[in-house]
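S.K.: Sharing a structure with you now.
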Amino acid sequence: MLYHLYHWNRQLSQPVRMAADWIEDIYSSPYNPWSQTHFGKSMAAGAEIISRLTRDYGEPDFALTSTVVDGREVAVNEEILVRKPFGNLVRFRRDLASRPARQDPKVLVVAPMSGHFATLLRGTVQALLPEHDVHITDWIDARQVPLAQGNFDLDDYIDYVMEFLRYIGPPAHVIAVCQPSVPVMGAASLMAAADDPRQPRSITLMGGPIDTRISPTVPNDLATRNSMMWFRQAVIANVPFGFPGFMRRVYPGFLQLSSFITMNLDRHINAHVRQFEHLVRGDGDSAEGHRTFYDEYLAVMDLTAEFYLQTIQVVFKEHQLPRGVWVSRGRPIDPSRITAPALMTVEGELDDISGVGQTKAAHTLTPNIAPERHAHYEQPAVGHYGIFNGRKWREQIMPRVREFIRANDR
C-alpha cells in the first residue's frame, strides 16, 4: 500500500500544481502591473516553488551535444550500443572525422543504481569527454520493466558490467561512481580469475562502499541496525497499476530520495529559501542553477527488490567482499586474483555516504597489483556529490583520474 498511497498523493497534488502554475503565470506576466512589485514577485516566486515541489520528474536528458577537443568544438552524439532489459550501454560518440589519428582511452563509467538516473553523472561525463571515448551504464527505472523480463539482482549487475566491458573491447578503463564500486570489483575479480583478455586496463573507484566497517555513516548504520525482515516489510512495495512494471516488487525511488533529503534537511530548506530570494530579486543565474540541480535531484527511479535486498545483505550487513566470502552464482569473488588492471581510489574528506577509508580499502584487497600501479587520492573539503560533479571534480579530481588512465593505457 505504501507505493499506492504515494501515487495517489501525487495525483491529488496535481490540482495544487496547476493552481500554482496559474498564479505564477498571472503574477509574472508583463501585462500585469503587479508583476513589478515586491508583492507580485513574491507571489510568482512562491508559486514556482510550490509547482516544482509537487511536480513529477521523469528521466532527464544528458543533453551533451558538443565538447571541445584540441581547442575546437566538436559534435557529440548519444547512441545506444547494447540494449538490455534493465540497462543500456550508451556511448557519447564524438565527431572526430577531422582528427582520425586521435586515439583517446575508452572509458566505461558505471553509474550507481541507487535511486537516481545515470544523468546524475552528466558533469562526470562532460569533464571526461574532451580526452576520452566515454561510455556509460544507463540503468532503467524498474517500474518501467514488465514482470515478463524477469528479475535483476546484484549478480545480474556484475554480469552486465562484464558484458559491457567485453563489448567495448580492450583496451578499456572502468570508473565506478559510489555504489557500483562493489560490483565492479566483483566483475574485475571474475574476469581476472578467467584470465579474460578484455578485462579493464585500469579501475577507478570513487566514493564506494568497499568496506563499510570503516568510518560508518548514517546510511551504513541504518543497514546494520535493521533486520532483513524489516527491510522487506518496511521499504519494499509493489509497482501500482498504470506502469509497465505493474506488480513488480521494488524499492521505490521516492523512499531513497526522502532518506537523502532527511539527512540534509536544513540544507534543502535553506536552498529553497534562497531560491525564493533569488526569484524575488531577479537573480536569474542563481535561480536557474537551483532549477538545474533540483530537476536532476528530484528525478528518481525504482530499484528491483532483489537487487536492493541483496546489496543490503552482501555489502552493508555481511561485508562479504572485504571478508573474502562473497560468491556470485557459484563463482568466488577473489580480488587478489586481479593483477593486470591498475587501481585508483578517490574519496572526499566530507563524504557522509561512503566514509573516508571505505573506498581505499580496495587496495588492501588487491595485493597482487604492482605497488606502483596503486593510486589513492582524498579530496579535501568535499562531500559525496562533489567527488564526481562540480568545480573540484573538474579542476582537481578529474585531472588526476585522467593522468592515471593515460599512464595505464599503454
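S.K.: Relative contact order of segment 134-230: what whole-number percent is it, with Cα pairs under 8 angstrom and at least 6 residues apart?
M.R.: In percent, rounded to a whole number, it is 27.
S.K.: Please work out the Kirkwood hydrodynamic radius for segment 88-135, using every pair of different C-alpha atoms, and report it in angstroms with one decimal place.
M.R.: 11.8 Å
S.K.: If R₀ is 45 angstrom, what is the calculated FRET efficiency for the pair residue 65 and residue 151, using the beta carbon separation as r and rounding to 0.05?
M.R.: E between residue 65 and residue 151, to the nearest 0.05, is 0.80.
S.K.: Could you list the residues of segment 347-375 with an amide nitrogen less than 17 Å from a label point located 7 Å from the Cα of residue 323 in the Cα-to-C-beta direction?
M.R.: 365
S.K.: Separate question: Once fully extended, how much extra length lies between residue 350 and residue 32, figured as 0.36 nm per residue of separation less the alpha-carbon to alpha-carbon distance?
M.R.: Stretched out fully, the residue 350 to residue 32 stretch lengthens by 109.8 nm.
S.K.: Taking amide H positions as placed in the peptide plane 1.01 Å from N, state which residues far from residue 326 in sequence (5 or more) or on other chains have amide H under 5 Å from it.
M.R.: 333
S.K.: Then there is this: Multiplying the sequence separation of residue 42 and residue 234 by 0.36 nm and subtracting their Cα-Cα distance, what value in nm do you get? List each step's numbers first, then the result.
M.R.: Values: separation 192, 0.36 × 192 = 69.12 nm, distance 3.99 nm.
Length gained between residue 42 and residue 234: 65.1 nm.
S.K.: Given points 7 Å out from each Cα along the Cα-Cβ axis, report the residue 376 to residue 19 separation in nanometres with one decimal.
M.R.: Inter-label distance under the simple model: 5.6 nm.
No lab work stands behind these numbers, since they all come straight from the coordinates. Just so you know, these numbers come straight off a predicted model, no measurement behind them. In this analysis, Cβ positions are derived from the backbone assuming ideal geometry, glycine residues included, and neighbour counts consider all displayed protein chains.
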